[in-house]
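What follows is a short report on a single structure.
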Amino acid sequence: MKKISWLIIGLLAGPLSAASLPDWAKPATTPAALAWKNKASVVELLDETSTTYVRADSILSTERSVLQVNILPEGSAQSMPIFHYNSDTDKIVTLKVWHHTPGGKTRAVDKEFLYDVASMGSQHFWHAYRTVGFAYPANIKAGDLIVYEITYEESAHPVRTQGWGSGGRPLYQGRFTLTPAAGSKLHWYATSPLLQSPTVDQATGTLTWTLEKCAQNTTGRPTAFYAEPISLYVTSSTPEIPFSNWTEVSDSIAKFMEPQAQPGPAVIAKAQAAIAGKVTRWEKIRALVDMIQTEVSYLSMTKGPDVLDGYRPHTAEQCLLNRYGDCKDKATLLVSLLRAIGDQGHVVLLYAGNPTLVSPERPLARFNHAITAIPADDDTPPGWPVAVHPRLGRFVIVDSTTSGNPLGTLPYGDQSGYGLLVMPEGGDLIALPTDVPGGLNGNKTKLTLTLSPSGVGQIHLEDQFQGQAAIRLRNLRQNLARQDLQPALEKRLAEFAPRLEKFKWTENADVAKNTSTLTINCLAPNYAKVAGKDLVLINLPAPHLPPPLDPWITDRKGQSWLPMVDLDTDIVISLPPSLSLSEPIPTLKLQVNEVTATLRGEQIGNEIHLHTTYQQPAGLRTKTDYEALRNLEQKYLQAIKRPMILKERVAPSVTVRD
């Protein structure tokens with residue numbers, strides 16, 4: 001690490017001085033290029049990477065960039081990273097930065113504007129990654145260019161990724177050149193039709209991709225929008241590392257993951273102690289999962305000899321004795337504990353947070369998370385997250401990283417998309433499960449509102465939270481003191497009862513079943529509002545509404561991932577004898593694909609009985625499906641939020657006969 005730091009200091013030690021713009025940058029400074037999208041804050045006039053595989057496991061790359069700064073960042077602390085690297089495995093060879101003005105003056109950027117710092121984004125990560133970049137020089141003006149060139153040696157990851165547009169900046173011209181090592185072959189996969197097939201140099205096997213005038217709108221994104229990445233995934237295969245299909249990828253990773261999961265004496269002893277007194281298989285597995293989630297802290301330590309260190313877990317014994325580990329350590333520890341009690345489990349690799357980045361067509365993807373797959377059986381509770389593979393069978397998917405999602409639930413970031421089931425000689429990609437309504441998720445609510453003759457509403461609410469809904473309530477409960485939690489609970493009722501008094505609540509949680517029942521009693525003064533002669537308005541008391549969907553404005557291609565919603569509410573409104581419904585409650589039944597919303601109600605005696613449902617499976621939505629769903633939601637919310645009209649009962653007239 002010191003060697004690299006001193007190297008950079010030596011490279012940048014020269015004073016600020018006049019210089020010439022490098023020849024490779026000049027084509028990016030034509031009038032046409034400078035005038036294109038010059039209203040954007042920063043435009044990438046050129047983004048070029050040239051990579052050569054020196055060996056199958058080592059590359060030499062040069063990155064070149066020309067940035068047009070049109071809107072100056074606020075404050076002197078604004079900076080721009082150039083390059084992230086692992087100081088244990090990578091080496092910066094050269095680094096040059098220039099500042100070019102529209103008047104034609106070019107100066108080398110002084111070392112005081114450049115930095116080489118540790119990339120420690122969180123106290124939970126301990127690694128040797130560093131970031132090289134520059135702070136904006138004090139004399140930079142709108143329209144100036146920042147030009148840089150960096151050459152570095154790097155241990156080759158099995159998958160080489162080149163992407164454009166992730167920062168949202170318009171790109172005038174992009175270029176990626178890749179030269180294979182002797183005796184190897186390049187396999188590539190483009191994620192976007194904007195990337196055409198490369199040109200090929202038959203003599204060297206060098207591939208070159210180009211991209212021009214890429215300025216897709218990145219604003220106005222809909223809810224949980226995943227833009228279609230403009231990326232290339234490339235592997236350099238050799239006879240030792242073929243990587244031609246997902247089974248071969250699984251086999252290669254299993255070679256260094258499987259030995260780490262072998263249970264030693266400490267793991268066996270801990271497993272037996274954890275399951276003491278447990279009878280059924282899933283009781284025993286729950287005890288193991290709970291132990292990892294509560295006793296093993298999350299801490300990532302990747303400090304190893306090669307680029308695969310991010311995939312190589314510590315041994316299960318180390319993780320258990322240290323009482324800390326990252327996702328792959330915890331997943332491996334669970335596999336080891338399962339084997340210690342005669343059961344089975346396998347590590348699953350995925351890209352958490354964006355299910356679109358792992359493709360079933362090509363084994364070209366990077367992973368950022370590790371969880372566990374446990375073989376399912378006939379006693380697996382219904383509604384649990386189960387993945388089904390046509391050859392390998394059914395697996396319960398478990399994330400032991402945090403205590404937020406107990407056995408039987410799966411974090412939203414792990415759902416949908418694909419994960420790689422790592423097992424020797426036969427692993428494969430599996431479709432990850434998603435939450436669906438009607439299982440062990442959602443809200444089942446019973447609400448009674450008694451309306452007094454003076455317009456005061458007395459509310460009694462019994463709210464059962466299941467699955468992900470119970471997890472959200474539990475997290476809210478843990479993060480807020482009791483005096484702070486009450487305003488959060490009151491806020492849920494503010495949609496139909498803005499003013500509340502005598503608010504009292506109790507909670508009864510069952511952690512094993514992942515359920516929680518919330519009981520609320522309160523008064524809502526002025527709940528009924530006089531609207532005119534003999535007419536009164538009241539809101540429909542719906543304590544849960546589906547989350548609002550933002551408009552789909554962006555022209556960037558992509559998909560939106562929406563979580564599961566399962567709301568089932570029974571409402572009884574008890575009216576004073578003097579009031580009755582002015583008009584019947586219209587029945588509502590909406591459906592878009594697998595999403596449904598209903599509302600029905602009637603008056604029985606002095607009571608109004610209503611039943612509402614909203615059921616939406618989790619998953620990805622295209623623009624067409626998203627807009628249809630947003631239209632359904634707006635119609636549903638219109639019906640739910642429409643006040644009900646009550647009228648004064650008229651006493652029957654009496655005819656007196658002689």
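The values are calculated or read from the model by the stated rules, or taken from the named source; none is laboratory data. Computed from a prediction, not measured in an experiment: that's the story for all the values here. Here the Cβ is made from the backbone with ideal geometry for all residues, glycine too, and neighbour counts use every protein chain on show. Just the protein is used for accessible areas: all its heavy atoms, side chains included, with ligands, DNA and RNA removed. Shrake-Rupley method; radii C 1.70, N 1.55, O 1.52, S 1.80 Å.
Before moving on, here are some points about what is shown:
- Pairs, first touching a residue at least 40 places away in the same chain (Cβ under 8 Å) and closer than 28 Å to residue 185 by Cβ in region 136-162, second buried (at least 16 other Cβ atoms within 10 Å of the Cβ) and of a type in the set (Phe, Trp, Tyr), C-beta under 6 Å, six or more apart: 150/83; 159/233; 161/233; 162/176
- Region 485-518 - residue that is exposed (fewer than 14 other Cβ atoms within 10 Å of the Cβ) and either under 13 Å from residue 463 (Cβ atoms) or of a type in the set (Asp, Glu) (or both) and, of those, farthest from the chain's Cα centre (by Cα): 501
- Candidates 115, 148, 189, 172: the one that is assigned to a strand (DSSP E or B) and under 28 Å from residue 327 (Cβ atoms) is 189.
- Within region 491-507, the residues that satisfy the criterion of being part of a helix (DSSP H, G or I) and among the basic types (Lys, Arg) are 491, 492.
- Answer from 545, 575, 549, 537 - the residue that is crowded, with 21+ Cβ neighbours inside 10 Å and either within 30 Å of residue 218 (Cα to Cα) or touching a strand residue (DSSP E or B) at 6+ places or on another chain (Cβ under 6 Å) (or both): 575
- Residue that is modelled with the highest pLDDT, among those in region 311-334 that are surrounded by fewer than 24 Cβ atoms within 10 Å (Cβ to Cβ) and basic (Lys, Arg): 323
- Single residue of 308, 337 found to be in a helix (DSSP H, G or I) and either modelled with pLDDT of 90 or more or open to solvent by less than 40 Å² (accessible area, probe 1.4 Å) (or both): 337
- Condition met for residue 416 (at positive phi, touching a helix residue (DSSP H, G or I) at 6+ places or on another chain (Cβ under 9 Å) and crowded, with 17+ Cβ neighbours inside 10 Å): yes
- Pick from region 138-164, criterion in contact with a Pro (Cβ under 8 Å, 6 or more places away or on another chain) and under 29 Å from residue 103 (Cα atoms), ranking: surrounded by the fewest Cβ atoms within 10 Å (Cβ to Cβ): 143
- Residues that are in contact with a His (Cβ under 7 Å, 6 or more places away or on another chain) and surrounded by 19 or more Cβ atoms within 10 Å (Cβ to Cβ) within region 85-110 comprise just one, 109.
- Test: residue in region 29-46 that is in a strand (DSSP E or B), of a type in the set (S, T, N, Q) and at pLDDT 85 or above: no
- Region 77-97, residues that are in a strand (DSSP E or B) and aliphatic (A, V, I, L, M): 80, 82, 92, 93, 95, 97
- Within region 504-543, the set of residues being touching an Asp or Glu at 6+ places or on another chain (Cβ under 8 Å) and closer than 28 Å to residue 407 by Cβ comprises 516, 517, 518, 519.
- Top-ranked residue of region 433-454 - restricted to ones that are under 27 Å from the mean Cα position of the chain (by Cα) and closer than 20 Å to residue 520 by Cβ, ranked as surrounded by the fewest Cβ atoms within 10 Å (Cβ to Cβ): 444
- For the condition more than 23 Å from residue 538 (Cα to Cα), in contact (Cβ under 8 Å) with a residue 40 or more places away in the chain and touching a strand residue (DSSP E or B) at 6+ places or on another chain (Cβ under 9 Å), residue 486 does not qualify.
- Checking the stated criteria, residue 588 turns out to be under 30 Å from residue 456 (Cα atoms) and among the aliphatic types (A, V, I, L, M).
- Looking only at region 596-625, and only at residues there that are assigned to a loop (DSSP other than H, G, I, E, B) and not hydroxyl-bearing (Ser, Thr, Tyr), the one that is surrounded by the fewest Cβ atoms within 10 Å (Cβ to Cβ): 605
- Screening 163, 183 for residues that are under 29 Å from the mean Cα position of the chain (by Cα) and either closer than 30 Å to residue 70 by Cα or assigned to a loop (DSSP other than H, G, I, E, B) (or both) leaves exactly one candidate, 163.
- Residues being open to solvent by 60 Å² or more (accessible area, probe 1.4 Å) and modelled with pLDDT under 90 - total across region 455-474: 1
- Of everything in region 1-28 that is at pLDDT 90 or above and not hydrophobic (A, V, I, L, M, F, W, C), the residue that is least open to solvent (accessible area, probe 1.4 Å) is 22.
- Scanning region 578-595 for residues that are open to solvent by 30 Å² or more (accessible area, probe 1.4 Å) and not hydrophobic (A, V, I, L, M, F, W, C) yields 578, 582, 583, 584, 586, 587, 589, 591, 593, 594.
- Residue match in region 111-119 (condition: modelled with pLDDT of 90 or more and exposed (fewer than 15 other Cβ atoms within 10 Å of the Cβ)): no
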